[in-house]
Amino acid sequence: LLIDMLILSAIFVPLELFFPQKSEQAKFHAEWKTDLVYFAVSHLLVALTAVAVKAPAEILFKELPLSGIRNAVSNCPFLVQLFIAMLVADVFQYAAHYTFHKNRFLWRFHALHHSIRSIDWIAGSRLHIVDILITRSFSYIPIYLLGLPLPVFYAYVAIVALQAVAAHANIRIPFGPLKYLLVTPQYHNWHHCEDPEFYDKNFAIHFPFIDMIFGTYYLPGSDWPESTGLGKEKYPQGYFKQLAFPFKGAPGTMDLDNVSDR
């Protein structure tokens, strides 16, 4: 965890300092201490969930007639296997993410992530434990189904952690054509847009073309959303109070019916 923190801070602190999207955004905003706790918990849970899900998944799915697909995948080069892992995991992650938006009970937990107003590389880790466990477990399933080797799996876990942080970083860098191939901060900022008109957009974490396939793609040139967050929704301060908040009512009460009709 300490190595993870040191490496990511060495990458993203200078980028946010010299290439900020919002130069007026305070480096130490009101919730940065709480978000630091989220960073530690989230990154540990991503790794621990990967280990915890492996054995049950292999037991549950070992009888499925997938030997032909598994053999074909096993004969692919490492980089091809890594791309397959990212692709299938992103499709499953998309489904879980979409469900968290559309199901009112699950939205209570995911709304915590959308409460971010000062989006930066560390605030992106603001995720409820329920959200992490369900989404990560679901996205790991296809990797185990395909029988991808452990080195590929470990590489995927490292990439998903890196890209999740990068997608929330407060940086404005011209990625050029790459922004149509990989999820960038601009792309993911539109997912966090406070305006309901653009709310249900850009669910993918790796590849934008997944959103294109399902009709949820939105990237208006070089424009960025004016604001992010959940409007007037108020969250309590502190990690443990925020973990308990979804069980006390219906936080993040954005009008999901109107959003669903768009």
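Tilt of helix 78-102 relative to the longest C-alpha principal axis of the chain, in degrees (0 to 90, nearest 10)? That works out to roughly 50 degrees.
Packing order of peptides 116-127, 134-145, 220-231, highest average first: 116-127, 134-145, 220-231 (average count of other Cβ atoms within 10 Å over each peptide's residues).
Computed 3J(HN,Hα) for the range 120-125, one whole-Hz value per residue from the Karplus formula 6.51 cos²θ - 1.76 cosθ + 1.60 where θ = phi - 60°, is 8, 5, 8, 5, x, 8, glycine and proline marked x.
Helix 32-61 against the longest principal axis of the chain: what's the angle in degrees, Cα atoms only, rounded to the nearest 10? On a 0 to 90 degree scale, this one is about 20. Once Lys and Arg get +1 and Asp and Glu get -1 on their Cβ, which of T228, H110, I171 lies farthest toward the positive end of the dipole of the chain? So the residue furthest toward the plus end is H110.
With all protein chains present and a 1.4 Å probe, how do F245, F83, F28, F109 order by accessible area, largest first? The partial results should precede the final answer.
On the way: F245 45, F83 100, F28 145, F109 5 Å².
I get F28, F83, F245, F109, largest accessible area first.
Applying 1/(1 + (r/R0)^6) with R0 = 45 Å to the Cβ-Cβ distance of I59 and S222 gives a FRET efficiency near 0.40. Treating the angle as unsigned and between 0 and 90°, give the value, to the nearest 10°, between the Cα long axis of helix 150-168 and the longest Cα principal axis of the chain. Rounded to the nearest ten degrees, it is 20.
About the centre of its Cα atoms, the chain shows a dipole size close to 520 debye [charges on the beta carbon of Lys, Arg (+1) and Asp, Glu (-1) only; nearest 20 debye].
Calculated FRET efficiency, E24 and I213, Cβ-Cβ r, R0 51 Å, to nearest 0.05?
0.90
Of H188, H29, H101, the residue with the greatest mean-square motion in the GNM of the chain, using alpha carbon springs below 10 Å, is H29.
Could you work out [θ]222 nm for the chain from helices alone, using -39500 (n - 2.57) per DSSP H run of at least four and dividing by all its residues? Round to the nearest 500 deg cm²/dmol. Display every interim value, and only then the final one.
On the way: 11 runs with 152 residues, N = 262.
Rounded to the nearest 500, it is -18500 deg cm²/dmol.
Here the label points at W32 and N103, each 7 Å from Cα along the C-beta direction, are separated by 3.6 nm in the simple model.
The values are calculated or read from the model by the stated rules, or taken from the named source; none is laboratory data. A quick note: this is a predicted structure, and the numbers were derived from the prediction, not measured. Ideal geometry is used to build each Cβ from the backbone, glycine not excepted, and the neighbour counts take in all protein chains shown. In case anyone asks, the SASA skips ligands and DNA or RNA and just uses the protein heavy atoms, side chains included. Shrake-Rupley method; radii C 1.70, N 1.55, O 1.52, S 1.80 Å.
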